[in-house]
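Below is one structure; the comments refer to it alone.
The values are calculated or read from the model by the stated rules, or taken from the named source; none is laboratory data. What you are looking at is a predicted structure, and each value in this text was computed from that prediction instead of being measured. Here the Cβ positions follow ideal geometry from the backbone for every residue, glycine too, while neighbour counts run over all protein chains shown. Surface accessibility is based on the protein's heavy atoms, side chains included, excluding ligands, DNA and RNA. Shrake-Rupley method; radii C 1.70, N 1.55, O 1.52, S 1.80 Å.
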Amino acid sequence: MNLLRKIVDWVWRTPKDKVAECLRNKCDAMPHKQRLTVVGLLFGILTLTAFLLFGHACYKMGAQEQRVKFEIEHMSIPDFETTVNKDKMRRMELIENQIDSLPDYDDTATKRPD
């Protein structure tokens, strides 16, 4: 556990403290208005970068979605309703063909039994 603490101090805490101390010294040496300008400028750059990254990610997702829609659009996937309608039409044709193939029956020519 002690070795892990030394490694974390050497890799993270010591460099972080050094950078923070250097930044604090630089900011203390600046006049208040200049410090405010620098902080505002850095905040603006950070905000602009965040918006650009977010916009780029949204654009890539939209482009991916369009590509997927485009690929699906050009595939020949049978529509369920079209398939059902074709099956109904096929059955109706079979029934009509069976009716047409029945012998003609003329019920007007039949005689009454006496």
Lone qualifier among Glu71, Glu81, Glu96 - being open to solvent by 90 Å² or more (accessible area, probe 1.4 Å), at pLDDT 70 or above and assigned to a helix (DSSP H, G or I): Glu96
Residue match in region 30-41 (condition: among the basic types (Lys, Arg), surrounded by fewer than 10 Cβ atoms within 10 Å (Cβ to Cβ) and at pLDDT below 85): no
